[in-house]
Amino acid sequence: MFKFTPGVVFLARAVARLSSLLAGVFLSSLVLEQISRYENTISSRLFVSIGVVVLYFLGRRCLVALQHRRTRAAIGAIPVPVWKGKWPGNLDLMIYMKDQLDNNYLGASFLHFVDKLGPIFSMVVFGNAQFFTAEPAHIKQLLASEFDNFVKGEKTAEALNTVFGTGIFNADGNLWKFHRSMTRPFFTRDRISHFSTFESYAVEAISLLSKRADECRAVDVQDVFARFTMDIATESLFGSCVHSLRDALPYPCSQSVHLSEEAPNPSQAAEFSRAFAESLFIAAKRLHMGSLWPLFEVLRDKTVEPMAVCNAYLEPFVVDALRKKRKIQASTTTTCPKVDEINDTDTLLDHLVRVTDDRKVIKDEIFNIMIAGRDTTATTLTFAVYFLAMHPEVTRRLRAEVIEKVGSTRSPTYDDIREMRYLRAVINETLRLFPPVSFNVRTAIESTTLAPTIPNGCPYYVPEGTPVIYSVFLMHRRTDLWGPDALEFDPDRFLDERLHKYLTPKPFIFLPFNAGPRICLGQQFAYNEASFMLIKLLQSFDSFALDPLAQPADTRPPEWWKGVPGRQSIEQLFPKTHATIYSYGGLWVRMRKASKISEET
Ligand code: HEM
């Protein structure tokens, strides 16, 4: 079906609004002319009409600003500090942000402005304001105490629509409540403790890693973990695994001979993974560009091609599930399960086809949960291994805990994982420094205020409709919240006196899974999945070394980062973000296999 591109729709709407105003003014001038019998030429009429329209827009903007100023003064609030650009409409800020996203350390530009303007500031591009905050009190308001007033919003929904569709991530209000209640039953303790699924894919992943270790070559663990979480997600969501772990792994870029010899044509699963990542990347870019994003997609909707690949992959699962449902309905001997009846063996897809026949709704929901479940946990595992490679002393201590509690071959149980305090601390510290969902956004339905950032200060005024971007990534790195060593990787901060000093009194300073009514549904599932994989990994390998030369040169951290203060100077990977954070160019690691005999004797 033919569809106009987002840019064409955006321009058409703007032209339609402008022309209807122009036409209105033009017609009024004609009427006036008739009444007053004063004759005008067409061009002077047009000139006057344009003038009136411009005055109308300026006047309306001034009136709205005046209204907000009055309300702000009446409630004793102050305006949010503005990050000013130099070009008309602050276009330079938009170009600067794009360049920063491509070339600088994640969040570096924001940190610069946090230093200058404080933990909340505003950026106005062509009259559209966006607020930015890394303040726990504000994030608490957005996610919990003022949940009903801060929604994802229409603008966000429009930007994400071609990727997230009508799924849980892109819904607000009653639609979101419907999605949440429909999905929640799949995250009960019994379901998330289905360790046999983790087991089979962990074994497959470890065998791939072992093979590469035997060859004494580096492996991209980011790729392996993305396959691991993808296989688990598809198994638990559709009951049918995509087996992405069965595709050949890429070799380091410096060994292109192996690439051409051994990597076969990408399978449909590999194509899906690529398209999946690309569509998320485009969706995230749209959000970063603010409301003018359609102007960058005038000639084509950039999500069409990758989403066609994703849809082609997912559709057969949905069609198949609907066919099975009809078969059951047609059968006279089988009783149809009720809509609200969920069996222990049901997949999410089984349940969804019972609720609706709408293929798009089902596909969107499945796709949303895949987005939720795949990259977030894969990223956590990737960055955990990065830190293990950077901190051999942490690897040794964690491995000792694994061997002591679980041994060198057995698979962990739910209770083992619950008792492994250092493992949980390593995962939490990874989630603190690299929270998978680093930046997020909420929009105020009604004008409100955000809490003062200094004692006895004034609250900040938030006009209705303003998107507020919040960053847990930057909040998790604030030295005033986490102590002077906030930028260091030190899992003990989740175990020693620092826990009681910083986190216990202010739990909102650590929000990798968000908080409030929209808190991550898969939190416990993710902890179980990541813990399981890390335990299996440490049973099999005892040392990890980064091999940045294995990845393309332009994906490595640039040399100039070394002179910059903060983590940027020591980082051995290039963190970037689409919907979730990732290591640009992968995370190439050489692993040493552990000797089992020595440990068991
Ligand atoms: C370390 C891994 C994970 C992290 C850090 C994480 C983080 C988050 C965050 C920050 C949100 C809120 C997004 C928003 O409101 O804009 C979220 C929502 C959600 N997550 Fe997770 N997540 C993880 C793993 C998972 C897994 C494995 C699943 C499922 C298999 C899952 C399912 C969901 C769902 C369904 C939501 C939507 C909740 C709603 O809107 O009501 N997550 N997650």
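Taking segment 181-207 as the range and being of a type in the set (A, V, I, L, M, F, W, C), at pLDDT 95 or above and open to solvent by 40 Å² or more (accessible area, probe 1.4 Å) as the test, only 203 passes.
Of the residues making up segment 434-462, just one is more than 13 Å from the ligand (Cβ to nearest atom), of a type in the set (Val, Ile, Thr) and under 12 Å from residue 153 (Cβ atoms), namely 445.
Look at residue 154 and say whether it is within 20 Å of the chain's Cα centre (by Cα), at pLDDT 90 or above and more than 11 Å from the ligand (Cβ to nearest atom). Here the answer is yes, as residue 154 does meet what is asked.
Specify which of the listed residues (302, 327, 285, 338) is modelled with pLDDT under 90, of a type outside the set (Ser, Thr, Tyr) and assigned to a loop (DSSP other than H, G, I, E, B). So that I can check it myself, show each step before the final result.
On the way: 302 fails: modelled with pLDDT under 90; 327 fails: assigned to a loop (DSSP other than H, G, I, E, B); 285 fails: assigned to a loop (DSSP other than H, G, I, E, B).
One residue alone meets the criteria, 338.
Out of curiosity, is residue 228 closer than 25 Å to residue 589 by Cβ and part of a helix (DSSP H, G or I)?
Working: closer than 25 Å to residue 589 by Cβ: yes; part of a helix (DSSP H, G or I): yes.
Judged against the criteria, residue 228 is a match.
Quick check on residue 530: is it touching a Leu at 6+ places or on another chain (Cβ under 6 Å), within 16 Å of the ligand (Cβ to nearest atom) and in a helix (DSSP H, G or I)? Yes. Could you say whether any residue in segment 211-220 is within 12 Å of the ligand (Cβ to nearest atom) and out of contact with any Leu (no Cβ under 9 Å at 6 or more places or on another chain)? No, there is no match, as no residue in segment 211-220 is within 12 Å of the ligand (Cβ to nearest atom) and out of contact with any Leu (no Cβ under 9 Å at 6 or more places or on another chain).
Annotation: residue 204 fulfils all but one of (1) charged (D, E, K, R); (2) over 30 Å from residue 481 (Cα atoms); (3) assigned to a loop (DSSP other than H, G, I, E, B); the unmet one is (3).
Taking into account only those residues within segment 538-580 that are within 16 Å of the ligand (Cβ to nearest atom) and open to solvent by less than 20 Å² (accessible area, probe 1.4 Å), which is farthest from the chain's Cα centre (by Cα)?
Step one: of segment 538-580, the residues within 16 Å of the ligand (Cβ to nearest atom) are 575, 577-580.
From the residues that got through so far, the ones that are open to solvent by less than 20 Å² (accessible area, probe 1.4 Å) too are 575, 577, 580.
Working: 575: 13, 577: 8, 580: 4 Å.
Among those residues, the one meeting the criterion is 575.
When segment 1-46 is limited to residues that are touching a Ser or Thr at 6+ places or on another chain (Cβ under 6 Å) and either closer than 24 Å to residue 286 by Cβ or without any contact (Cβ under 8 Å) to a residue 24 or more places away in the chain (or both), the one that is least open to solvent (accessible area, probe 1.4 Å) turns out to be 45. The residue list 407, 465 contains one member that is out of contact with any Phe, Trp or Tyr (no Cβ under 8 Å at 6 or more places or on another chain), within 29 Å of residue 227 (Cβ to Cβ), more than 14 Å from the ligand (Cβ to nearest atom) and not charged (D, E, K, R), which is 407.
In summary, residue 97 fulfils each of the numbered conditions (1) surrounded by 17 or more Cβ atoms within 10 Å (Cβ to Cβ); (2) modelled with pLDDT of 90 or more with the single exception of condition (2). In summary, residue 372 fulfils each of the numbered conditions (1) more than 10 Å from the ligand (Cβ to nearest atom); (2) within 30 Å of residue 311 (Cα to Cα); (3) in a helix (DSSP H, G or I); (4) open to solvent by 10 Å² or more (accessible area, probe 1.4 Å) with the single exception of condition (1). Of the residues making up segment 414-433, those that are more than 10 Å from the ligand (Cβ to nearest atom), at pLDDT 95 or above and not charged (D, E, K, R) are 417, 420, 422, 423, 425, 426, 428, 433.
Can you tell me which residues in segment 159-168 are away from the ligand (no atom under 12 Å from the Cβ) and in contact (Cβ under 8 Å) with a residue 24 or more places away in the chain?
Taking segment 159-168 first, the residues away from the ligand (no atom under 12 Å from the Cβ) are 159, 161-163, 165-166.
Scanning segment 159-168 gives 159, 162, 163, 165, 166.
Out of 513, 525, one residue alone is assigned to a loop (DSSP other than H, G, I, E, B), within 16 Å of the ligand (Cβ to nearest atom) and open to solvent by 20 Å² or more (accessible area, probe 1.4 Å). It is 513.
Among the listed residues 386, 422, which satisfies the condition of being open to solvent by 10 Å² or more (accessible area, probe 1.4 Å), of a type in the set (Phe, Trp, Tyr) and either in the same structural domain as residue 229 (by the TED database) or touching a helix residue (DSSP H, G or I) at 6+ places or on another chain (Cβ under 9 Å) (or both)?
Values: 386 fails: open to solvent by 10 Å² or more (accessible area, probe 1.4 Å).
Just a single option satisfies the conditions, and that option is 422.
Keeping to segment 484-500, report how many residues are farther than 22 Å from residue 106 by Cβ and not in a helix (DSSP H, G or I). Break it down into steps so the answer makes sense when it comes.
Here is the first cut: in segment 484-500, the ones farther than 22 Å from residue 106 by Cβ are 492, 494-500.
Filter again for not in a helix (DSSP H, G or I), leaving 495-496.
So the answer is 2.
When every residue of segment 231-245 is checked against the conditions, at least one turns out to be surrounded by fewer than 21 Cβ atoms within 10 Å (Cβ to Cβ), more than 16 Å from the ligand (Cβ to nearest atom), without any contact (Cβ under 8 Å) to a residue 40 or more places away in the chain and not in a strand (DSSP E or B).
From the list 186, 195, which one is near the ligand (Cβ under 10 Å from one of its atoms) and not basic (Lys, Arg)? Walk me through how you get there before you give the answer.
Working: 195 fails: near the ligand (Cβ under 10 Å from one of its atoms).
Exactly one residue qualifies, and that residue is 186.
Could you give every pair whose Cβ atoms fall below 7 Å, whose first residue belongs to segment 349-377 and is under 22 Å from residue 524 (Cβ atoms), and whose second residue is surrounded by 19 or more Cβ atoms within 10 Å (Cβ to Cβ) and charged (D, E, K, R), counting only separations of at least 6 or pairs across chains? Close Cβ pairs (under 7 Å, with a partner that is surrounded by 19 or more Cβ atoms within 10 Å (Cβ to Cβ) and charged (D, E, K, R)) amount to 352/365; 377/529. Taking segment 106-146 as the range and being open to solvent by 40 Å² or more (accessible area, probe 1.4 Å), over 16 Å from residue 290 (Cα atoms) and not in a helix (DSSP H, G or I) as the test, only 146 passes.
Across segment 169-180, which residue is nearest to the ligand (Cβ to nearest atom) among those that are free of Cβ contacts under 8 Å to residues at least 60 places away in the same chain and open to solvent by less than 70 Å² (accessible area, probe 1.4 Å)?
Just the residues of segment 169-180 that are free of Cβ contacts under 8 Å to residues at least 60 places away in the same chain, to begin with: 171-175, 177-178.
Adding the requirement that they be open to solvent by less than 70 Å² (accessible area, probe 1.4 Å) leaves 171-173.
Numbers: 171: 8, 172: 10, 173: 12 Å.
Filtering segment 169-180 for residues that are free of Cβ contacts under 8 Å to residues at least 60 places away in the same chain and open to solvent by less than 70 Å² (accessible area, probe 1.4 Å), the one nearest to the ligand (Cβ to nearest atom) comes out as 171.
What residue, among those in segment 484-498 that are among the hydrophobic types (A, V, I, L, M, F, W, C) and open to solvent by 40 Å² or more (accessible area, probe 1.4 Å), is farthest from the chain's Cα centre (by Cα)? Please lay out each step first, then the result.
Just the residues of segment 484-498 that are among the hydrophobic types (A, V, I, L, M, F, W, C), to begin with: 486-487, 489, 494-495.
Keeping just the survivors that are open to solvent by 40 Å² or more (accessible area, probe 1.4 Å) gives 487, 495.
Working: 487: 22, 495: 28 Å.
Among residues in segment 484-498 that are among the hydrophobic types (A, V, I, L, M, F, W, C) and open to solvent by 40 Å² or more (accessible area, probe 1.4 Å), the one farthest from the chain's Cα centre (by Cα) is 495.
The values are calculated or read from the model by the stated rules, or taken from the named source; none is laboratory data. Since we're looking at a predicted model, the values are computed, not measured. Because the Cβ atoms are built from the backbone with ideal geometry, glycine has one as well, and the counts that use them run over all protein chains shown. Note: accessible area is taken over every heavy atom of the protein model, side chains too, but ligands, DNA and RNA are not part of it. Shrake-Rupley method; radii C 1.70, N 1.55, O 1.52, S 1.80 Å.
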